[in-house]
1. Only one of Ala19, Ala32, Ala45 is small (Gly, Ala, Ser), under 13 Å from Val58 (Cα atoms) and part of a loop (DSSP other than H, G, I, E, B). Can you tell me which?
2. Report, ordered by the first and then the second residue, all pairs with beta carbons closer than 7 Å, sequence separation of six or more or different chains, a first member in segment 12-24 that is free of Cβ contacts under 8 Å to residues at least 40 places away in the same chain, and a second member that is surrounded by fewer than 10 Cβ atoms within 10 Å (Cβ to Cβ) and not aromatic (Phe, Trp, Tyr).
3. Select from segment 1-11 the residues that are loosely packed, with under 11 Cβ neighbours inside 10 Å and in contact (Cβ under 8 Å) with a residue 12 or more places away in the chain and list them in ascending order.
4. Could you please find all residues in segment 48-62 being on the phi < 0 side of the Ramachandran plot and surrounded by 10 or more Cβ atoms within 10 Å (Cβ to Cβ)?
5. If only one of Ala19, Ala34 is surrounded by fewer than 13 Cβ atoms within 10 Å (Cβ to Cβ), hydrophobic (A, V, I, L, M, F, W, C) and at pLDDT 95 or above, which one is it?
Amino acid sequence: MLCRTFRMKETGEGETLFAFEPSGRSCGPKSAEAAIGSGWLVPQADGLFGAESSQTFVAAQV
C-alpha cells in the first residue's frame, strides 16, 4: 500500500510525501504521482473529500 502524507517545512510551505506500508520505505513524489495517474494504483477514498484526497493507494485489479 502506498500512503500519502503532508508536512509543513520550516519555511512554511507544504510538502507531500509518499511511503510504502508496512515497510515505511519512501517513494519519490514524481514516481508516486505517475503511478497514480497511470491507473496502476487506485485510491482507497479514505480522504476527507473522497478519492481526490485519498491518503492510501493499492495496486489496481487487472
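1. Answer to the selection: Ala45.
2. Close Cβ pairs (under 7 Å, with a partner that is surrounded by fewer than 10 Cβ atoms within 10 Å (Cβ to Cβ) and not aromatic (Phe, Trp, Tyr)) amount to Gly14/Met8; Glu15/Arg7; Glu15/Lys9; Leu17/Arg7; Ala19/Arg25.
3. Within segment 1-11, just Thr5 meets the criteria.
4. Across segment 48-62, the qualifying residues are Ala51, Ser53, Ser54, Gln55, Thr56, Phe57, Val58, Ala59, Ala60.
5. On inspection, the qualifying residue turns out to be Ala34.
The values are calculated or read from the model by the stated rules, or taken from the named source; none is laboratory data. Treat the numbers as computed from the prediction; the structure is a model and nothing was measured. Please note: Cβ atoms are built from the backbone with ideal geometry, for glycine as well, and neighbour counts cover all protein chains shown.
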